[in-house]
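Asker: One structure follows; several queries about it will come next.
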Amino acid sequence: MSAFPVPFPSPSSGPDSRFRRRGRARRAAVAAGAVLATACALVVAVPGAASAASSVCVVNGSEVRSETINGTIGNDRIICDEGVALGTTINAGAGNDFISVRRLGGGVAANSGTINAGPGNDRVSVRSLGTGDNRAGADGNNGTINGDTGNDDIRVSAANGLSEGQSDLPGGTGGDGNNATIDGGGGNDTITATGGNGGFGGQGKAGGAGGVGNDGNIISAGTIIVTGGAGGMGGYSPSSRRVDSDGGEGGIGNDHTISTRLEPGLNNRVTVTGGRGGEGTSTGEGGNGGDANDENLTFTGTVTLQGGRGGDTLENGSDGGNGGNGNDGPLTIVDELSFNSTTTGGNGGNGRPGGKGGRGSRTDVSPLVTVVNGSPGITLP
Ligand SMILES: [Ca+2]
Ligand SMILES: [Ca+2]
Ligand SMILES: [Ca+2]
Ligand SMILES: [Ca+2]
């Protein structure tokens, strides 16, 4: 992993039912868009002409603009700095390939197409960066990424929400790291999905919520690391009246489905972390930390769940944020040869009063999993 040539944003920290509804509505909208785009492609596609479904990538130094971008049977370097569009398929083929997909701003996920890394030990990096005209950070992956055979390293990350500075707007929400499908495909893979951080609030306004680490489907053997984005800090108010400068909620770690594959001789490791709540300023409250796992996590091996810490309040702020829960979903062990799993609630933030600690688990879990509740935050004078 240290050989990975592209720097990744450091994992930060998790959200609420409001945010989940947003994620689901957006998934439905994306699915509807996919159907529409497919229908349009059938009508308007002209052989040899670039369509909306085509993408521009540099394959081993040469620019290719197509709906199908192919590597070779050797080790390829495929760089797509304008993202991969819905309708585009990248086939890296055999060999140990490096595929880098980035997109700057525009509110569109870096990958909306299909990336097939093929056989070999491949590295796939998908990153959304910046917000452009959109205040919310874009999702990292809204398409399909298949690692195929070999020990693959697949990393997706969302863009952060916009920070507002002197305006009177709340901070933008962070995007979701993975909103669709990542399949390691067998072998000892490492899958990393990171939600974007919420932006700082404008004057006297709330910070943005952190994005969900995984709001889609991840299936792999090896290592899976999923992290919700941190909530943004509330904006300072220039006046002394009571304002809503609350910290943003931390993003949920897993809000959809993670499952591990059983590979002979391999101990899977799954680490899911909720995002930290943002700090409240002026008279605001700290944001709640995100839950680590809120939906389906089915595994063989070792799982570590950590709820996000609640945000602190600064200055004259009120309540500290509550810590996120370690687990609030079905946590299913497939094979009893699984050890050392823990689920830990996040600690409450410091405030007036301090926030509550998160629960280690809100659902019944196997006795093979150690459950630790978070501690309450300090009540400030
Ligand atoms: Ca290749
Ligand atoms: Ca390959
Ligand atoms: Ca592969
Ligand atoms: Ca693989």
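Asker: If you check residue 133 against the conditions, is it within 16 Å of ligand 3 (Cβ to nearest atom), of a type outside the set (Ser, Thr, Tyr) and out of contact with any helix residue (DSSP H, G or I) (no Cβ under 9 Å at 6 or more places or on another chain)?
Answerer: No; evaluated as a whole, the condition is false for this residue.
Asker: Of all residues being part of a loop (DSSP other than H, G, I, E, B) and surrounded by fewer than 18 Cβ atoms within 10 Å (Cβ to Cβ) in region 71-92, which is nearest to ligand 4 (Cβ to nearest atom)? Just the residue, please.
Answerer: For region 71-92, the residue satisfying everything is 75.
Asker: Within region 175-275, considering only strands (runs of 3 or more DSSP E) that don't extend past its boundaries, which have at least 1 residues that are more than 16 Å from ligand 3 (Cβ to nearest atom)?
Answerer: Correct list: 189-194, 217-220, 222-227, 257-260, 269-273.
Asker: Now for a different question. What tally of residues in region 313-348 results from selecting those that are under 23 Å from the mean Cα position of the chain (by Cα) and not aliphatic (A, V, I, L, M)?
Answerer: Number satisfying all stated conditions: 19.
Asker: Say we look at region 156-187 and pick out the residues that are more than 30 Å from residue 245 (Cβ to Cβ) and more than 16 Å from ligand 2 (Cβ to nearest atom); which of these is surrounded by the fewest Cβ atoms within 10 Å (Cβ to Cβ)?
Answerer: Applying the filter and picking the extreme gives 181.
Asker: Now, a different point. Which residue out of 267, 254 is away from ligand 2 (no atom under 16 Å from the Cβ), modelled with pLDDT under 95 and touching a strand residue (DSSP E or B) at 6+ places or on another chain (Cβ under 8 Å)?
Answerer: The unique qualifying residue is 267.
Asker: Moving on to the next point. Hey, can you tell me all the residues within region 356-372 that are surrounded by fewer than 20 Cβ atoms within 10 Å (Cβ to Cβ) and of a type outside the set (A, V, I, L, M)?
Answerer: Passing the criteria: 362, 363, 364, 366, 367, 370.
Asker: In region 93-117, what residues are within 9 Å of ligand 1 (Cβ to nearest atom) and buried (at least 24 other Cβ atoms within 10 Å of the Cβ)?
Answerer: 97, 117
Asker: Tell me the residue from 276, 261 that is surrounded by fewer than 24 Cβ atoms within 10 Å (Cβ to Cβ) and either basic (Lys, Arg) or more than 24 Å from residue 170 (Cβ to Cβ) (or both), please.
Answerer: That would be 261, the only listed residue that is surrounded by fewer than 24 Cβ atoms within 10 Å (Cβ to Cβ) and either basic (Lys, Arg) or more than 24 Å from residue 170 (Cβ to Cβ) (or both).
Asker: Could you grab me the full set of residues in region 188-204 that are crowded, with 24+ Cβ neighbours inside 10 Å, over 12 Å from the mean Cα position of the chain (by Cα) and more than 14 Å from residue 230 (Cβ to Cβ)?
Answerer: The answer is 189, and nothing else.
Asker: Name the residues in region 124-152 that are surrounded by fewer than 24 Cβ atoms within 10 Å (Cβ to Cβ), outside any loop (DSSP other than H, G, I, E, B) and within 12 Å of ligand 2 (Cβ to nearest atom), would you?
Answerer: Listed by number, the list holds a single entry, 146.
Asker: Collect the residues in region 105-123 that are among the small types (Gly, Ala, Ser) and within 11 Å of ligand 2 (Cβ to nearest atom), keeping them in residue-number order.
Answerer: Hits for region 105-123 are 117, 118, 120.
Asker: Of all residues in region 93-123, how many are more than 13 Å from residue 55 (Cα to Cα), among the aliphatic types (A, V, I, L, M), within 12 Å of ligand 3 (Cβ to nearest atom) and part of a strand (DSSP E or B)?
Answerer: So the answer is 1.
Asker: Can we say residue 58 is under 16 Å from residue 126 (Cα atoms), out of contact with any Phe, Trp or Tyr (no Cβ under 6 Å at 6 or more places or on another chain) and buried (at least 16 other Cβ atoms within 10 Å of the Cβ)?
Answerer: So residue 58 does not fit the description; no.
The values are calculated or read from the model by the stated rules, or taken from the named source; none is laboratory data. From a predicted model like this one, the values you see are computed outputs, not experimental measurements. Cβ: placed from backbone, ideal geometry, glycine included. Neighbour counts: every protein chain shown.
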